[in-house]
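Visitor: Take this structure, written in structure tokens, and hold onto it; I'll ask about it next.
Laboratory data are not the source of any read-out in this text; all were calculated from the coordinates shown. Being a predicted model, the structure only gives us computed values, none of them experimental. Glycine also receives a Cβ, built like all others from the backbone with ideal geometry; neighbour counts cover every protein chain displayed.
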Amino acid sequence: MKERKPRGPKPEKITVNQKQDQVLRKLIKRPSTAQKTALRGRIVRECAKGTRIQHIADDEKVTVSTVKK
């Protein structure tokens, strides 16, 4: 992934510990997980990394307001 310029606001600070991250990863990868749940899990993981809201929205092909929910 190429380096991106900061765009848009930073997400609120979310702290995800190692166990929570592991649960999110399993949830995202499970084929029986509803798509909206998997999307929310990917968004939470990216917010925890400090990725900008606009970048998350672009990557997931959703609106900024979806990421902010």
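Visitor: Would you mind checking the radius of gyration and Dmax of the chain based on alpha-carbon positions, in Å?
Guide: 12.1, 36
Visitor: Here is a further query. About the Cα centre of the chain, how large is the charge dipole given +1 on each Lys and Arg Cβ and -1 on each Asp and Glu Cβ? Please answer in debye to the nearest 20.
Guide: Values: 20 positive and 7 negative charges, 16 e Å.
In debye, rounded to 20, the chain gives about 80.
Visitor: Follow-up. Just from its helices, what would the mean residue ellipticity at 222 nm be for the chain, if runs of 4 or more DSSP H residues each count -39500 (n - 2.57) and the sum is divided by every residue, rounded to the nearest 500 deg cm²/dmol?
Guide: Working: 4 runs with 40 residues, N = 69.
Mean residue ellipticity, 222 nm, calculated: -17000 deg cm²/dmol.
Visitor: Within straight cross-link reach of Lys29, meaning Cα distance under 18 Å, which aspartates and glutamates are found once same-chain residues fewer than 8 apart are removed?
Guide: Straight-distance partners of Lys29: Asp21, Glu46, Asp59, Glu60.
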